[in-house]
Amino acid sequence: MIPATVTLGDLERDALTEILNIGVSRAAANLRKMIDEQVTLSVPSIEVLSRRRAARMISEREIADLIAVRQDFDGPFSGRALLIFPETNSLDLVRAVTGGELSNDQVVEIEREALGETGNVILNSCLATMANMLKRSLTMTIPEVLRGNGDMLFEVGEEGAAEGLVLFLYIDFAVRKRDIRGYIAMIMGIPSLEVLKELLDEFIERVVGQDA
Amino acid sequence: MTEKDGLELASELRALRPEMPLAIITANIQDEIVARARAIGAGFVAKPLTPDGLEPFLSGAALRLRSSKA
């Protein structure tokens, strides 16, 4: 059962989708600059579900182990942003962002650093756009590179965490020419979702006036 | 960065060297960060870093250094 205080209305959902669209488009434009190939994006998916279910949504689609760049954010609302892709894509992405100039050994050597920096640019593009559009500021942790499955990335194993509801936002991205694909995901707890709902209402009022 | 962030460092450098050109190069493009960089008197260059992004800062810095020597 989802509490009414955190159920997003149609307009709030549209506003959040639009803000995320702008954020991930900026992220995609930045990734495009880094790899010089077209990046395609899906429409953002927005759901309130348990942490366990969120992890399963990623795990069900990915058999291979995952690699992720994680940045936590804090401010009026807080949560975790993740850039996730199959581990098998990791070195391809590093090759792509380094312009194909490095040897295989060099690619392996800088893998973690290059992924962290790529995640930093992509996740910050999304989070900073959200913060700017909602007229609030967020602090972000430095990027951390993780390997594992969906459960591990969403910390389903933490005591009492698995059934807790979260706002789960995710977008598929792909670089077709290089066969690279992955997800940008964000999870926020219920208290943050309540604040986010208020900020979305303020945003809607700024955009369409008080008639909405 | 756990102990000091780039903006704090820039602010300390600014106090020590008021004439030195400084730029904050970051992926964090929040309005607040841009405003804080401006308040310190530092340029703001967004990541990913590109020649086009860096060029205005470098020309400004070169001009400033040349005119301070003159």
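Close Cβ contacts (under 7 Å, 6 or more residues apart or on different chains) running from residues in the range A:141-154 that are on the phi > 0 side of the Ramachandran plot to residues that are modelled with pLDDT of 85 or more comprise A:GLY148/A:ASP65; A:GLY148/A:LEU66. In the range B:23-52, the qualifying residues are those that are within 8 Å of chain A (Cβ to nearest Cβ) and in a loop (DSSP other than H, G, I, E, B), and the one that is nearest to A:ARG32 (Cα to Cα) is B:PRO48.
Take the conditions over 17 Å from A:VAL24 (Cα atoms) and either among the polar types (S, T, N, Q) or under 17 Å from the mean Cα position of the chain (by Cα) (or both) and apply them to A:GLU155. Does it pass? Answer is yes for this residue. Exactly one residue out of B:ALA10, B:ALA35, B:ALA39 is over 18 Å from A:ALA131 (Cα atoms), out of contact with any helix residue (DSSP H, G or I) (no Cβ under 7 Å at 6 or more places or on another chain) and without any contact (Cβ under 8 Å) to a residue 40 or more places away in the chain: that is B:ALA39.
On the stretch given as the range A:153-164, residues that are farther than 24 Å from A:SER42 by Cα and either in contact with a strand residue (DSSP E or B) (Cβ under 8 Å, 6 or more places away or on another chain) or aromatic (Phe, Trp, Tyr) (or both) total 3. Could you say whether any residue in the range A:85-97 is surrounded by fewer than 21 Cβ atoms within 10 Å (Cβ to Cβ) and within 14 Å of chain B (Cβ to nearest Cβ)? So far as the range A:85-97 goes, yes, one or more of its residues are surrounded by fewer than 21 Cβ atoms within 10 Å (Cβ to Cβ) and within 14 Å of chain B (Cβ to nearest Cβ). Under the condition of being touching a residue at least 24 places away in the same chain (Cβ under 8 Å) and surrounded by fewer than 22 Cβ atoms within 10 Å (Cβ to Cβ), the residues counted in the range A:112-134 number 6.
Considering the range B:13-22, the residues that are within 11 Å of the chain's Cα centre (by Cα) and free of Cβ contacts under 8 Å to residues at least 12 places away in the same chain include one that is farthest from the other protein chains (Cβ to nearest Cβ), namely B:MET20. Taking the criterion of being closer than 21 Å to A:VAL121 by Cα, surrounded by fewer than 18 Cβ atoms within 10 Å (Cβ to Cβ) and more than 17 Å from the chain's Cα centre (by Cα), the residues of the range A:33-66 that qualify are A:LYS33, A:ASP36, A:GLU37, A:GLN38.
Out of the residues in the range B:1-40 meeting the condition of being over 20 Å from B:LEU63 (Cβ atoms) and of a type in the set (Asp, Glu), tell me which one is surrounded by the fewest Cβ atoms within 10 Å (Cβ to Cβ). Restricting to residues being over 20 Å from B:LEU63 (Cβ atoms) and of a type in the set (Asp, Glu), the top hit is B:GLU3.
The values are calculated or read from the model by the stated rules, or taken from the named source; none is laboratory data. Note that this is a predicted model, so its numbers are computed, not measured. Counting neighbours? That spans all protein chains shown, and the Cβs are built from the backbone with ideal geometry, glycine included.
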